[in-house]
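Following: one structure in structure tokens, then a few remarks.
The values are calculated or read from the model by the stated rules, or taken from the named source; none is laboratory data. Computed from a predicted structure; not experimentally measured. Ideal geometry is used to build each Cβ from the backbone, glycine not excepted, and the neighbour counts take in all protein chains shown.
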Amino acid sequence: MTEPFTLPELDVRSLPGPDDIVRNQLPNDITLLVRENYSSPAVVISGSLATGALDDPAEKAGLSSFTALGLMRGTTTRSFESIFDSIESIGASLAVGSGMHTVQFHGKALADDLDLLIHLLADVLRNPVFPEPEMAILREQRRTALKRRDEDAGARAQMAFDELAYPGHPYQQPSDGSIETLDAISLADVRAHHQVHFAPAGMILTVAGAVRAQDVLSSMQDALGDWAAERKGPAVDTPDAEAPGEMLRKDVHLEGKSQSELVMGAPGPARRDPHFLPAVLGNSILGRFGLYGRIGSAVRSSAGLAYYAYSTVSGGYGPGPWQVIAGVNPHSVEQAVQLIQKEIEHFVTEPVTDEELLENKANFIGRMPLQFESNEGVAAALSHIERHQLGLDYYRTYPDRIKAISAEDIVAAARQFLDPDRLVIGIAGDTGESTA
Amino acid sequence: MSEADGVFSTRLDNGLEVQLKEVHTAPVISSWVWYRVGSRNEIAGTTGISHWVEHMQFKGTDRFPAGVLDRAISRDGGYWNAYTWLDWTAYYETMPADRIQLALDLESDRMQNSRFDPDEVHSERTVIISERQGHENSPGFRLSEEVQAAAFRVHAYHHEVIGDMADLETMSRDDLYTHYRQNYLPSNAVLAMAGDFSTEEMLTRVQDAFGGIQDGDARIQRIRPEPPQHGERRVTVEGPEETEQLLVAYRAPAATHADFLPLAVLDSVLAGASSFNFFSSGISNKTSRLYKALIDGGQAASVSGNLVATIDPFLYQIHATVRPDRTSGDVLDALDVEIDRICTEPISADELARAIRQASALFAYSSETITNQAFWLGYTAMFAEYDWFETYLERLRAITAEDVLRVAQAYMRPSQRTVGMYSKSRGGRDD
């Protein structure tokens, strides 16, 4: 439809804001954010600790991940079976894992069971013992998972991209390591890593659901208020990433794959970068809006080359990638690469049109009520504003921030990070090489 | 016309079933149109046609040309998608409440006016082939496809929803258009909406949008029942990936059969609780019998169970990823010990109570969002009535350990299963 339209006018008071987010900070520097929501009897908790794969020694890559997964294998007072019995018997869930910058946790329960969940979370974060038999089983599970990752075309294309896009940078290696580095990690390493890096300072806990904020705070103070561990290791800073100086490409041969996976782009803006919001809005035009934006239109709709072809901006603490991802027939790889390169060239050369800008702004603003419909959505949003220090009024001022972005802002962000003649390309699939 | 538990149900003169549920927790409305057509209704030569038609429904009408719909939905801050499954095809839009008219207009329009432009059919053929090739990259898909094909010799559940490559390469535009016209009829569809609206006003809008659509001739149903299975079936699949996988598929009852929920309890005890809602994840299964036997027992890296609510009898499937130091045969042996146990001893009172508590919690999670509430309205209508959903917990609580033992003995027999094993090729390259 091409008739004129205007940006939606939201009642921003329905969005999370200072008057309905309760934020508390404990003396040990744990921050709690709660938003009450009584539309269903459930509650979600999520959050993070200020340690991650950045703290891993290179030869033991995956240590943070293995440690985080081992937290729930037993504590000083609870066995593995007792931990999961207490969760699963009430239909709750709790999982802990590690990314590059943080150890993250996520749980869900009926509202009446939140206190149990918070105390269990506190116990596994504070008092894990990493029991040998359970860790041996976990090690085999990790080995299998890493093997399957290495057989997965999408994962291998991303790894090839990261290897070329981040030379000498922590992002060059996957945060979950490799089978070789897993084998190099001892149980003593895991226990020491926990001792050194797991501490309350910088921990974020967010809660959304049918619970009173005051009750959550009481539970949290009881379970975590006396956690006094200090982080002993130095925090590892995230260095900037250099833009690629030329076209860089790596093809990974995986025998028997019917489809090739393609990752193409360059290091992008960190969340704190002023270019971040223009880049995200511009990326929507490039590879998301409608069914995958301009790239989806060129690669999927017009050429029929792919089931999916879209682009992402990672943001986050460091210079995560701004990349296009596509799954294409092995015979169509070169054509897809050319089409994507052409779209990136167009994107950095000419400002987006007024219509594109307007309709993408309308999407960003109009979709906000849907993002906050679920407890998961709210908990993730609260974590996001705390992690990046965006302020409790961030979502209420977000429509105005989006409205203020110009076509020039977008093209400036695009030029800062994307050069169509200096891109990184990672491809994985059956290249026709025979390994027989 | 009826109203029960806040759900208003009616049928328009053209046969369209309408379900409306007011939910005023957020300024959001989710609207779903469900068609009673899926891979169950397909025959050899045109397998995958329901899924392909679903793709074509995004390729435009005269009023909403290709590409315009995507932009229109996105511009209004909504999201939409569609799914094709064994028994049904569903389209949904979740929108800010004041923008929902667009969903009504486009769904009523594409119920009857999709173009199926030959050029669009041509380019979509390669997109769908690419989708299938993406699936084929996964050894799990290749194994599942073979197991399903071996489990169903006659019934159309034989083939995957995506369809066979031979048919994707040869199906014509006319095949697709005929399938569309025969199945996208008001009397073959359910419109389910939940969200921030007034039922009375929404009914008027629904009548305005859909009431004028002419119903067509009912298609001829050619469902071929699967004959009884007389013995275990085994398939092996080989490929370049090294990680072995085991998939054991038992013949299971239809969703409306009295044995279905006791089998769901059995699944919960054996492999862990899971939700029937496609959009809701389950919980961990580390206290389930199979986790203890296979993972703690050092045989497998993961295990899961899968029971699907279907119109006709389908499968209860148990999937395990084998540890590198074990074989599929080892895992099957360990699995069979647990299968024997559940077929000979009643589950404990504690296990039964736990399964019911888990189901209650998952039920609450899976009804949390407005999109999910609208999903349930239409989804249950595809294989039962909405009271299947409304009475689900009540019926579950009535199940006894003896019920579970009875269904275990009836369904978990070797003669009623298909065993699939994936392993690395022993030499040479497969084409």
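Restricting attention to the range A:78-112, the residues being at the interface with chain B (Cβ under 8 Å from one of its Cβ atoms), more than 22 Å from A:G377 (Cα to Cα) and among the basic types (K, R) number 0. Counting only strands (runs of 3 or more DSSP E) that sit completely within the range A:196-279, those holding 1 or more residues that are under 30 Å from A:Y395 (Cβ atoms) and in the same structural domain as A:A306 (by TED's automatic domain parsing) correspond to A:260-267. Checking B:T400, B:T391 one by one, the residue that is closer than 25 Å to B:D259 by Cα, surrounded by fewer than 20 Cβ atoms within 10 Å (Cβ to Cβ) and within 22 Å of the chain's Cα centre (by Cα) is B:T391 and no other.
Here is a yes/no grid of residues against (1) under 22 Å from A:S82 (Cβ atoms); (2) under 15 Å from the mean Cα position of the chain (by Cα); (3) surrounded by 19 or more Cβ atoms within 10 Å (Cβ to Cβ):
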site	(1), (2), (3)
B:S280	no, yes, no
B:S284	yes, no, no
B:G298	yes, no, no
B:V303	yes, no, yes
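Residue-level analysis places A:V196 outside the set of residues that are surrounded by 19 or more Cβ atoms within 10 Å (Cβ to Cβ) and either farther than 22 Å from B:I295 by Cβ or in contact with a helix residue (DSSP H, G or I) (Cβ under 9 Å, 6 or more places away or on another chain) (or both).
Considering the range B:211-247, the residues that are in the same structural domain as B:I356 (by TED's automatic domain parsing) and in contact with a His (Cβ under 8 Å, 6 or more places away or on another chain) include one that is farthest from B:S423 (Cα to Cα), namely B:L247.
Look through B:A293, B:A355, B:A349, B:A320 and report the one residue that is of a type in the set (A, V, I, L, M, F, W, C) and farther than 28 Å from A:G70 by Cα. Lay out the reasoning, then the answer.
Numbers: B:A293 fails: farther than 28 Å from A:G70 by Cα; B:A355 fails: farther than 28 Å from A:G70 by Cα; B:A320 fails: farther than 28 Å from A:G70 by Cα.
Selected residue: B:A349, the only one of B:A293, B:A355, B:A349, B:A320 that is of a type in the set (A, V, I, L, M, F, W, C) and farther than 28 Å from A:G70 by Cα.
Scanning the range A:349-370 for residues that are surrounded by fewer than 19 Cβ atoms within 10 Å (Cβ to Cβ) and within 25 Å of A:V263 (Cα to Cα) yields A:T349, A:E350, A:P351.
Can you tell me which residue is farthest from B:D119 (Cα to Cα) among those in the range B:52-78 that are within 23 Å of the chain's Cα centre (by Cα) and more than 9 Å from chain A (Cβ to nearest Cβ)?
Just the residues of the range B:52-78 that are within 23 Å of the chain's Cα centre (by Cα), to begin with: B:52-58.
Next, from what is left, pick out any that are more than 9 Å from chain A (Cβ to nearest Cβ): B:52-57.
Numbers: B:W52: 14, B:V53: 14, B:E54: 16, B:H55: 14, B:M56: 11, B:Q57: 14 Å.
This residue is B:E54.
Every residue, every condition in (1) part of a loop (DSSP other than H, G, I, E, B); (2) within 30 Å of A:E180 (Cα to Cα), yes or no:
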| position | (1), (2) |
| --- | --- |
| A:F66 | no, yes |
| A:S86 | no, no |
| A:I90 | yes, no |
| A:G97 | no, yes |
| A:F105 | no, yes |
| A:K108 | no, no |
| A:D115 | no, no |
| A:P133 | no, yes |
| A:A136 | no, yes |
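Which residue, of A:R422, A:R367, A:R401, is out of contact with any His (no Cβ under 9 Å at 6 or more places or on another chain) and within 14 Å of chain B (Cβ to nearest Cβ)?
Details: A:R422 fails: within 14 Å of chain B (Cβ to nearest Cβ); A:R401 fails: within 14 Å of chain B (Cβ to nearest Cβ).
From the options A:R422, A:R367, A:R401, the qualifying one is A:R367.
Looking only at the range A:2-41, residues that are under 24 Å from the mean Cα position of the chain (by Cα) and either of a type in the set (S, T, Y) or within 14 Å of another protein chain (Cβ to nearest Cβ) (or both) come to 4 in all. For the subset of the range A:125-159 comprising residues that are of a type outside the set (D, E, K, R) and more than 13 Å from chain B (Cβ to nearest Cβ), which member is surrounded by the fewest Cβ atoms within 10 Å (Cβ to Cβ)? The selected residue is A:N127.
Do we find a residue being assigned to a strand (DSSP E or B) and either under 19 Å from B:Y422 (Cβ atoms) or in contact with a helix residue (DSSP H, G or I) (Cβ under 6 Å, 6 or more places away or on another chain) (or both) anywhere in the range B:331-344?
In the first step, residues of the range B:331-344 are kept if they are assigned to a strand (DSSP E or B); the result is none.
The answer is no, given that none of the residues of the range B:331-344 is assigned to a strand (DSSP E or B) and either under 19 Å from B:Y422 (Cβ atoms) or in contact with a helix residue (DSSP H, G or I) (Cβ under 6 Å, 6 or more places away or on another chain) (or both).
Here's a check for you: in the range B:225-276, which residue that is part of a strand (DSSP E or B) and among the hydroxyl-bearing types (S, T, Y) is nearest to the other protein chains (Cβ to nearest Cβ)?
B:T236
Can you name the residue in the range A:298-325 that is part of a strand (DSSP E or B), of a type in the set (A, V, I, L, M, F, W, C) and within 14 Å of chain B (Cβ to nearest Cβ) and is also nearest to A:D237 (Cα to Cα) among such residues? Show your work before the answer.
Of the range A:298-325, the ones part of a strand (DSSP E or B) are A:306-313, A:321-325.
Right, trim to of a type in the set (A, V, I, L, M, F, W, C) and you get A:306, A:309, A:313, A:322, A:324-325.
Next, from what is left, pick out any that are within 14 Å of chain B (Cβ to nearest Cβ): A:306, A:309, A:325.
On the way: A:A306: 38, A:A309: 33, A:I325: 28 Å.
Among them, the one singled out is A:I325.
Within the range A:376-423, the set of residues being crowded, with 16+ Cβ neighbours inside 10 Å, of a type in the set (G, A, S) and in contact with a Pro (Cβ under 9 Å, 6 or more places away or on another chain) comprises A:A381, A:A407, A:A412, A:A413, A:A414.
Taking the criterion of being out of contact with any strand residue (DSSP E or B) (no Cβ under 6 Å at 6 or more places or on another chain), within 26 Å of A:A404 (Cβ to Cβ) and touching a residue at least 40 places away in the same chain (Cβ under 8 Å), the residues of the range A:277-312 that qualify are A:L277, A:P278, A:L281, A:G282, A:S284, A:I285, A:F289, A:R294.
Within the range A:222-232, can one find any residue that is buried (at least 20 other Cβ atoms within 10 Å of the Cβ) and in contact with a helix residue (DSSP H, G or I) (Cβ under 6 Å, 6 or more places away or on another chain)? If you could, list the steps in order and put the result at the bottom.
Pass one, the range A:222-232, residues buried (at least 20 other Cβ atoms within 10 Å of the Cβ): A:223-224.
Then drop every residue that is not in contact with a helix residue (DSSP H, G or I) (Cβ under 6 Å, 6 or more places away or on another chain), which leaves A:223-224.
Checked against the condition, which is being buried (at least 20 other Cβ atoms within 10 Å of the Cβ) and in contact with a helix residue (DSSP H, G or I) (Cβ under 6 Å, 6 or more places away or on another chain), the range A:222-232 yields at least one hit.
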